[in-house]
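Please read the structure below before turning to the comments.
The values are calculated or read from the model by the stated rules, or taken from the named source; none is laboratory data. Treat the numbers as computed from the prediction; the structure is a model and nothing was measured. Every residue, glycine as well, gets a Cβ built from its backbone with ideal geometry; the counts of neighbours run over all protein chains shown. Ligands, DNA and RNA are excluded from the accessible area calculation, which covers all protein heavy atoms including side chains. Shrake-Rupley method; radii C 1.70, N 1.55, O 1.52, S 1.80 Å.
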Amino acid sequence: MRKFEFLEELKHRLSKLSDCEIEKTASFYAECIDDRIEEGMTEEEAVCALGSIDSIVKEILMDTPLPSLVQNKIKKSHNNSKNRTLWMALAICGFPFWFIIGLFLLIMILTVYILIWSVVIVLFATVFSFAIVGIGGLVSGIVTCFTKGPAIGFSIIGFSIICIGLFLLLIKPLFWVYKQLMKLTEAFLRKIKSLFMRKREG
């Protein structure tokens, strides 16, 4: 594929973005191709070195904030002369319905995020509370040994050691669960974004 063909295909595939973002991205990749040509590559080799255009487009769209994708999709559809009448009718007659649907979807997305982060916060709070109780208990146990007797003091120290042991035992699984929840969050966001990344037919 030659430079012109690559850039035209890239612009076509990034049609979900604003015109400004499309031109900025095309200019960046045009400069990358020119740099490789100056290093001695042929035009086709320079384009090939960039990688698959599918991967490039997917990466760009995934890095684009979701609100921008939604806004650009609506704006382009609204500017299409074939859709103007439909948009006017929807705006006048269907506003209450679409507003409620949009609000419901937004609440659902926020609910999922709040739920995931609530689980993360609760897990971290629970595990680190073992460490705090354990350290505090050790200090308290040592003081108790001299004030209320070794029997009570050693009991507190023993309980504190158990808490510290639980902390050390759970800290690694905690971070594993944290990574899995972050992957779940990313997968959820990608699923939402995919609704605005469908390729145009033809």
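Figures for the structure shown
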{"quantity": "Condition check for ILE156: in a helix (DSSP H, G or I) and either open to solvent by 90 Å² or more (accessible area, probe 1.4 Å) or modelled with pLDDT under 90 (or both)", "calculated": "no"}
{"quantity": "Failed criterion for LEU86 (all others in (1) modelled with pLDDT under 60; (2) on the phi > 0 side of the Ramachandran plot hold)", "calculated": "(2)"}
{"quantity": "Evaluation of ASP35 against (1) modelled with pLDDT under 85; (2) charged (D, E, K, R); (3) assigned to a helix (DSSP H, G or I) (one fails), failing number", "calculated": "(1)"}
{"quantity": "Selection within the stretch 53-65 - exposed (fewer than 13 other Cβ atoms within 10 Å of the Cβ) and either in contact with a helix residue (DSSP H, G or I) (Cβ under 8 Å, 6 or more places away or on another chain) or in a loop (DSSP other than H, G, I, E, B) (or both)", "calculated": "PRO65"}
{"quantity": "Residue satisfying all of: in the stretch 17-52; open to solvent by less than 30 Å² (accessible area, probe 1.4 Å) and closer than 25 Å to ARG190 by Cβ; nearest to the chain's Cα centre (by Cα) among these", "calculated": "LEU17"}
